[in-house]
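Any read-out appearing in this document is the output of simple, stated calculations on the displayed coordinates, not a laboratory observation. Note that the structure is a prediction, hence the values are computed from the model and not measured. Using ideal geometry, Cβ is built from the backbone for each residue, glycine included, and neighbour counts are taken over all protein chains shown.
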Amino acid sequence: MTVELSVATQIDLSLRLAIGLILGAVIGFERELHRQPAGFRTHSLVALGAALFTVVSAFGFEGSMVDPTRIAAQIVSGIGFIGAGTILQHRGHIRGLTTAASLWAVAAIGTAAGAGMYVVAIVGTVLILVVLSLLDWVENFTKRKLQLGKSRYDVPDEPEDGMSEDMP
């Protein structure tokens with residue numbers, strides 16, 4: 001059974017969706033600038049989708065047998081499927097873990113926005129940006145100062161012809 005919502009409530013819920021989308025887009029833009037496999041549109045859609053699932057879960061159904069936390073719990077596990085698609089493995093080297101983690105975190109931002117927790121969603125977005133931008137700078141600075149080589153998680157560059165070096 002669905003709930004009848006006033007126009008004012010539906011506007012509030014629409015605002016939650018918009019905030020989730022905008023905050024996801026901000027994080028996606030940072031990923032796009034770093035040319036990661038999941039960027040602006042992907043992060044925007046993940047945050048919007050999580051916000052929409054949260055709104056529908058909390059406001060779409062009524063009754064004593066309804067548990068609004070069930071859908072939110074499925075967001076957490078479901079986003080892992082999308083995140084797994086951003087992880088690339090090549091000869092034992094891994095790339096895309098940070099992007100997968102940022103998608104997972106963006107789903108949480110969308111869930112917070114969908115729940116109407118605007119301050120939490122905004123602070124979460126800022127903290128994610130700190131991790132992605134500031135800590136990336138700290139990592140690169142430290143590698144230069146300590147004269148460390150490539151990370152063992154970097155995928156080696158492919159030959160220009162697209163063929164593996166092991167192939168004839």
task = Give the label of the value calculated from the structure for Rg and Dmax of the Cα atoms in Å, choosing from (1) 19.6, 67; (2) 16.8, 63; (3) 20.6, 65.
result = (1)
key: Efficiency of FRET from Cβ geometry, residue 148 and residue 5, R₀ 41 Å, rounded to 0.05   = 0.15
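Are there any GluC sites (Glu not before Pro) in region 1-90 that are in a DSSP loop and have at most 15 other Cβ atoms within 10 Å? List them by number. All intermediate terms of the calculation are to be shown ahead of the outcome.
Working: sites: 4, 30, 32, 62; in loops: 4, 62.
Here the sparse-neighbourhood loop sites are 4, 62.
Magnitude of the Cβ-charge dipole of region 7-146, K/R +1 and D/E -1, about the Cα centre, nearest 20 debye?
Working: 10 positive and 7 negative charges, 140 e Å.
In total the dipole reaches around 680 debye.
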ask   = Based on DSSP H assignment, which helices of the chain show an axial Cα extent of at least 27 Å together with a mean Kyte-Doolittle hydropathy greater than or equal to 0.0?
value = 7-33, 40-59
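What does the charge count near residue 23 come to, summing +1 for each Lys or Arg and -1 for each Asp or Glu among other residues with Cβ under 14 Å from its Cβ? Show your work: numbers first, answer last.
On the way: positive: 16, 31; negative: 30.
Counting the neighbours of residue 23, the net charge comes to +1.
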message = Calculate the FRET efficiency for residue 73 and residue 120 from the Cβ-Cβ distance with a Förster distance of 22 Å, rounded to the nearest 0.05.
response = 0.75
request  = Springs between alpha-carbon atoms under 10 Å, Gaussian network over the chain: tell me which of 110, 92, 49 tops the mean-square fluctuations.
outcome  = 92
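In region 20-69, which trypsin sites (Lys or Arg not before Pro) are in a loop and have at most 14 other Cβ atoms within 10 Å, using DSSP for the loop call?
Working: sites: 31, 35, 41; in loops: 35.
When the trypsin sites (Lys or Arg not before Pro) of region 20-69 are filtered for loop state and at most 14 Cβ neighbours within 10 Å, 35 remain.
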